[in-house]
1. Quick check on the chain: helices-only [θ] at 222 nm, where DSSP H runs of length 4 and up contribute -39,500 (n - 2.57) each and the sum goes over total residues. Nearest 500, please.
2. Using alpha carbon coordinates only, what is the Rg to Rh ratio of the chain, with Rh defined as the Kirkwood radius?
3. How far is helix 54-66 tilted off the main Cα axis of the chain, in degrees rounded to 10, range 0 to 90?
4. Can you give the accessible area per residue of the chain, in Å², using a 1.4 Å probe?
5. Could you work out how far helix 134-148 tilts from the main Cα principal axis of the chain, as a 0 to 90 degree angle to the nearest 10?
6. Round to a whole number: what % of the accessible area of the chain belongs to carbon and sulfur, probe 1.4 Å?
7. Quick one: which residues, 5+ away or cross-chain, put their amide H under 5 Å from the amide H of Ile128? H built at 1.01 Å from N.
8. Would you kindly calculate the mean projected area, averaged across all directions, of the convex hull enclosing the Cα atoms of region 101-149, in square nanometres?
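The values are calculated or read from the model by the stated rules, or taken from the named source; none is laboratory data. Model, not experiment: these values are computed from the prediction. Accessible surface is based on the protein model in full, side chains and every heavy atom, while ligands, DNA and RNA are left aside. Shrake-Rupley method; radii C 1.70, N 1.55, O 1.52, S 1.80 Å.
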Amino acid sequence: MDRFPHMKRALELAAEAAEAGEVPVGAVLVGPDGAVLAETRNRMREAHDPTAHAEIAAIRAACASMGADRLIGCDLYVTLEPCPMCAAAISAARVARVYYGASDPKSGGVEQGPRIFSHPQAHHVPEIYDGILAPEATALLQDFFRARR
């Protein structure tokens, strides 16, 4: 049995982002029935949009696909710990579970930094599973930034 196929797909999307010159982050949003609702990657430079993070794009696409503004029972797989903006969007969308790979000590918003889901103002707190294929996700990010130095 293939472990974490959705995270492996998110890693493929992150690699595509890196090839396009974007910070390598990929995301896959899965519906309650296990069907993939959205597969996205970072596109901030391409879209000239600082909000074009993989998680935000996945949430938008999945909501459009479902015809809803809430993603009840859905799972988000993302290669990097969501930033505060993305964590707030995850909460607002009511995503049930977040699986992420690499931790982000500089810009994270889940286990690092402001810890959005710990705030009393968080509308919804998803289940969090961190460290999923973290060595692969971390290596992809380190290689990307090393090549730019």
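1. Value at 222 nm, helices only: -11500 deg cm²/dmol.
2. Rounded to two decimals, Rg/Rh equals 0.94.
3. Approximately 40 degrees, to the nearest 10.
4. Value for the chain: 51 Å² per residue.
5. 50
6. Ligands and nucleic acids excluded, carbon and sulfur reach 53 percent.
7. The answer is Val98.
8. 4.0
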